[in-house]
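Contents: one structure, followed by commentary.
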Amino acid sequence: MLAQLYKYRWQYVMILPAVLLLFLFNYVPMAGIQIAFRDFQIGSSIWDSAWVGFQNFTFLQEPQFWIVVKNTLFISVLKFVFGFPAPIVLAIMINELVSAGFKRFVQSVSYLPHFFSWIVVAYILQSFLTLDGGLANDLITKMGGEPIFFLGSESWFRPMIVSSGLWKEVGWNTILYLAAIT
């Protein structure tokens, strides 16, 4: 054992700064987490503050909190159910294309939204789905239907979240699956 330590002593010396930095920046700040469980007043010390336990966590007793948790978990499951197979299916479909030029075009168009920021995606969604002048509602009204309040309707909230994330990321993930296929 001691011979092994001596044999690799320079590797340990080279690893030591990284371990020290990891400890300094990742573990030492965890002492500050205690503020959440203490009656901390600005200007006083963390260590002088009285311990109050979970008294600061009153949001856990709010009924809205558990609704938010349920919605978050449900949306995560929906994103997984639709977001996992979609790039695989698209990658298989692109892989079956015969024309190499059209294949490259479809790849480029499908992964371009990955490089948009979420602010740009939100603006695109707003411009397409707004009640006054949105492309989707214009088409719906021209076909004789009533406009739908996509961005403010409670029933459309989850589909909008899932579909916008799917539209933004499906192309990038497709590229990864296409690389694996080829």
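The values are calculated or read from the model by the stated rules, or taken from the named source; none is laboratory data. Values in this document were obtained by computation on a predicted structure and should not be read as measured data. With ideal geometry, Cβ positions are generated from the backbone for all residues, glycine too; neighbour counts draw on all protein chains shown. Ligands, DNA and RNA are stripped out before the accessible areas are found, and what is left, the full protein with its side chains, is counted by its heavy atoms. Shrake-Rupley method; radii C 1.70, N 1.55, O 1.52, S 1.80 Å.
In table form, for the structure just shown:
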item: Taking N as its residue count, the alpha carbon Rg of the chain over 2.2 N^0.38 Å; result: 1.65
item: GNM result for the chain, Cα springs below 10 Å: residue of Q64, Q126, Q34 fluctuating most strongly; result: Q34
item: Qualifying aspartates and glutamates (Cα of each under 14 Å from Cα of K70; at least 8 residues distant if same chain); result: E62
item: Within a Gaussian network of the chain (alpha carbon springs, distance under 10 Å), most fluctuating of F57, F128, F23; result: F23
item: With every protein chain in place, the chain: carbon and sulfur % of accessible area (1.4 Å); result: 71
item: Helix 9-22 vs. the chain, principal-axis angle (Cα, 0 to 90°, nearest 10); result: 70
item: Distance histogram for segment 1-61 (every C-alpha pair counted, 10 angstrom bins, percent rounded to whole numbers); result: 19, 26, 21, 14, 16, 4
item: Kirkwood-type radius of segment 47-100, with distances r between different C-alpha atoms, in Å; result: 15.6
item: Selection from N71, H114, I92 lying farthest towards where the dipole of the chain points positive, charges on Cβ; result: I92
item: Top of P17, P85, P147 by mean-square fluctuation, Gaussian network on the chain, Cα under 10 Å; result: P17
item: Alpha-carbon centroids, segment 124-182 and segment 22-98: separation in whole Å; result: 27
item: Residues in segment 110-137 that a label on E146 would reach, taking backbone N under 17 Å of a point 7 Å out along Cα→Cβ; result: 131-132, 137
item: Per residue accessible area of segment 1-61, 1.4 Å probe, in Å²; result: 90
item: Added length on full extension, which subtracts the Cα-Cα distance from 0.36 nm per residue, F115 to I42; result: 22.1 nm
